[in-house]
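The structure appears right after this line, and notes come after that.
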Amino acid sequence: MSDVLPDHYETLAPFRAAFATGLPVLMYHKLGRPPLSARNKGLFIAPRLFARQLAEWKLAGLASAMPDETDARGKIAITFDDGYASALEHACEPLREHGFAAIQFLAAGFLGKTNTWDASGEHLMDSAQVRDWLGAGHAIGAHSVTHPRLTQIAVEQAREEIVSSKRRLEDEFGVRVDHFCYPFGDWNERIAAMVAEAGYRSAVSTDVGINTRATNPFALKRIASYFPLRNPRNLWLTFRP
């Protein structure tokens, strides 16, 4: 499926037929205007565009799903990686307005800090903000403790990242944490087995595609919502007052 899909998501039309074949899982990171220092400005989605995407899905009759609802049709799973505070600030109201719920994957050791895995230095949600996210009807998942490349660290260290992130988030927020997100999309069969053994129901990757009943629940595919700023229209949407 991935070879016939565009390499990033902006609007529904090019994806409509593919979305009808299974469960699409959309991947977001940051909402808002990118700072000049940001290395990857396309990860910042203009709030106007995000609201427009939600409106399109509502008009098309799509409803919210969790990433492992692979037998669903007419649904979409909305995922945010890393726990950026900008997602809380800019996503909750349009999600509420259009009747969607989302899941935020949190690096359990970075709550209330800034990210160290890229050069943008974006603020991450603290515990109170995560509770606000949950209170708005959304879910959380685990994204490890320290956001390492799991295949590039010692096996026992990788297992600890996977197990401890679930335990710490469940203890802190009193909710079940059933879904995992591989940092950097970095995984292999051994890592996927560790996630399953830790008691998660599913894990999402950065592999591109649509999910069906045949998809491994610990290798779920996603489609990145990416905003290439080389497009003049996108520049205008992002930086206009």
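The values are calculated or read from the model by the stated rules, or taken from the named source; none is laboratory data. Bear in mind the structure is a predicted one, so any value in this text is a computation, not a measurement. All Cβ positions, even for glycine, are placed from backbone atoms using ideal geometry, and neighbour counts span all protein chains on display.
Data table
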read-out: Residues located in region 107-126, provided they are of a type in the set (Gly, Ala, Ser), out of contact with any strand residue (DSSP E or B) (no Cβ under 6 Å at 6 or more places or on another chain) and at pLDDT below 95; value: 119, 120
read-out: Leading residue by the ranking (surrounded by the most Cβ atoms within 10 Å (Cβ to Cβ)) among those in region 177-210 that are touching a residue at least 60 places away in the same chain (Cβ under 8 Å), of a type in the set (Val, Ile, Thr) and not in a loop (DSSP other than H, G, I, E, B); value: 204
read-out: Qualifying position, being farther than 13 Å from residue 194 by Cβ and surrounded by fewer than 17 Cβ atoms within 10 Å (Cβ to Cβ), among 141, 174; value: 174
read-out: Residue that is modelled with the lowest pLDDT [pool: residues in region 217-241 that are outside any helix (DSSP H, G or I), over 22 Å from residue 80 (Cβ atoms) and of a type outside the set (Lys, Arg)]; value: 241
read-out: Criterion: surrounded by fewer than 20 Cβ atoms within 10 Å (Cβ to Cβ) and of a type in the set (Lys, Arg) - qualifying residue of 222, 167; value: 167
read-out: Tally of residues being within 19 Å of the chain's Cα centre (by Cα) and farther than 24 Å from residue 133 by Cβ across region 156-187; value: 2
read-out: Positions within region 106-140 being touching a residue at least 60 places away in the same chain (Cβ under 8 Å) and part of a strand (DSSP E or B), in sequence order; value: 106, 139
read-out: Tabulated pairs, region 55-75, first modelled with pLDDT of 95 or more, second part of a loop (DSSP other than H, G, I, E, B) and aromatic (Phe, Trp, Tyr), C-beta under 6 angstrom, 6+ apart or interchain; value: 64/100
